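Take a look at the structure below.
The values are calculated or read from the model by the stated rules, or taken from the named source; none is laboratory data. Keep in mind it's a predicted model, so treat the numbers as computed, not measured. With ideal geometry, Cβ positions are generated from the backbone for all residues, glycine too; neighbour counts draw on all protein chains shown.
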Amino acid sequence: MIYEKKNIFWNESYQIVGACIEVHKILGCGFLECVYQEALEFELNNRGISYEREKELEIKYKGAILKKKYIADFVCYNKIILELKACSGITEEHKSQVLNYLNATQFQLGLLINFGEKSLNYKRIVL
């Protein structure tokens, strides 16, 4: 049962990561995150992957909805949070950030994508 949960939305994740790899293959590392966001939006459109860019999500705390909203870089397929980075490496803080977003929004899967390294680096984070 735990193994199944870790593999949730596997096909969708594969499609998203493929789009990210294409962006990184063409742009490489060294740009600001906003450049990768724009290029990824172009690539998601080309591949027919459904998404919302800079989607505002409610944050739940003890059953209440907070006034402050979380703005996801992308929400793909209406169920996967996509958090982009353009830094020298993925840190534990980045992973914790995505895990917190999942807990607060009740999404089950987040993809942490880092375009700032020589090769694209990504992590699947499952709630």
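Conditions tested, residue by residue: (1) touching a helix residue (DSSP H, G or I) at 6+ places or on another chain (Cβ under 8 Å); (2) over 15 Å from L127 (Cβ atoms).
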residue: I21; (1), (2): no, yes
residue: Q37; (1), (2): no, yes
residue: I81; (1), (2): yes, no
residue: L99; (1), (2): no, no
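To keep it simple, each residue is scored yes or no on (1) at pLDDT 95 or above; (2) under 21 Å from F9 (Cβ atoms); (3) in contact with an Asp or Glu (Cβ under 6 Å, 6 or more places away or on another chain).
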residue: K25; (1), (2), (3): yes, no, no
residue: N45; (1), (2), (3): yes, yes, no
residue: Y70; (1), (2), (3): no, yes, no
residue: C76; (1), (2), (3): yes, yes, no
residue: L82; (1), (2), (3): yes, yes, yes
residue: T91; (1), (2), (3): yes, no, no
residue: L111; (1), (2), (3): yes, yes, no
residue: E117; (1), (2), (3): yes, no, no
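Which of the residues spanning region 56-76 are touching a helix residue (DSSP H, G or I) at 6+ places or on another chain (Cβ under 8 Å) and more than 20 Å from L120 (Cβ to Cβ)?
We begin by selecting, within region 56-76, every residue touching a helix residue (DSSP H, G or I) at 6+ places or on another chain (Cβ under 8 Å); these are 57-61, 70, 72-74, 76.
Within region 56-76, L57, E58, I59, K60, Y61, Y70 meet the criteria.
Taking the condition of being surrounded by 15 or more Cβ atoms within 10 Å (Cβ to Cβ) and among the polar types (S, T, N, Q), how many residues in region 1-55 meet it?
Qualifying residue count, region 1-55: 3.
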